[in-house]
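Just so it is clear, none of the values below were taken in a lab; they were calculated from the coordinates. Only a predicted model underlies this, so the values are computations on that prediction, with no experimental measurement involved. In this analysis, Cβ positions are derived from the backbone assuming ideal geometry, glycine residues included, and neighbour counts consider all displayed protein chains.
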Amino acid sequence: MKRREATAKQEFILATGNPHKLREMSEALSGVELKPLPAGVELPPETGDSFEANALIKARAVHAATGEVTIADDSGIEAADLGGAPGIYSARYAGEGAGDEENLAKLLREVDAAGGDRRAAYVCVIALIDEDGHEYCFEASCEGTLLREGRGTGGFGYDPAFVPDETGHRDQRTFSELTAAEKHAISHRGKAARMLARHLGLEPEGQMPESLP
């Protein structure tokens, strides 16, 4: 089937100061050019009570400041034995200014102390605000299991300890041990990016196009 082309080369601002997210989203969302947060534009505090609310807070702020099409994502990990924590607090779980290693160490300590259920799910919501100010949200998740200690050098955040279900029960590689392509194919962010791509009329790289409205 012939690839469905966008009417023009699309450029969006990605409302994040996280270079890892910019790289992953650029790899996962083909057919558009993602621009980093413009100098001088600051993101507001994430005061929402859900991933969707926080993604919209960031997208609205950047769209208001620039007038450009903006996307923002809010994502995190939810541990079953912790009642869904850290959830929306994933990026600052060990406190403001904490790094990935500190956040992961705290999560694994608390899961160890909580008992036997090491099930967890990554969740991502991507918010889009188009040139007319219309708002859209796309949510996806990836379920898996948390190891007792991290493995691998790729990815970021909680990836070194997260083994996704979708690679199969015989494959115990963590997100940090998968290739970028393997991770994008099953990750929460990759799935949400493909939902956004379908909304935009784009065919994600490496996939056959689905029926479009």
Between the stretch 68-98 and the stretch 21-48, the Cα center-to-center distance that results, in Å: 16
Which is farthest toward the positive dipole end of the stretch 10-200 among Ala98, Leu200, Ala161, measuring Cα position about the Cα centre, with Cβ charges +1 (Lys, Arg) and -1 (Asp, Glu)? Ala161
Percent RCO, i.e. relative contact order, over the chain, from Cα pairs under 8 Å lying at least 6 residues apart: 20
Listed highest first by mean packing, meaning other Cβ atoms within 10 Å per residue, what order do 48-55, 24-31, 109-116 come in? 24-31, 48-55, 109-116
Can you list residues from other chains, or at least 5 along the same chain, whose modelled amide H is less than 5 Å from the amide H of Ala120? Ala80, Gly144, Thr145, Leu146
Computed from the mean reciprocal separation of all distinct C-alpha pairs, what Kirkwood hydrodynamic radius does the stretch 10-200 have, in Å? 16.9
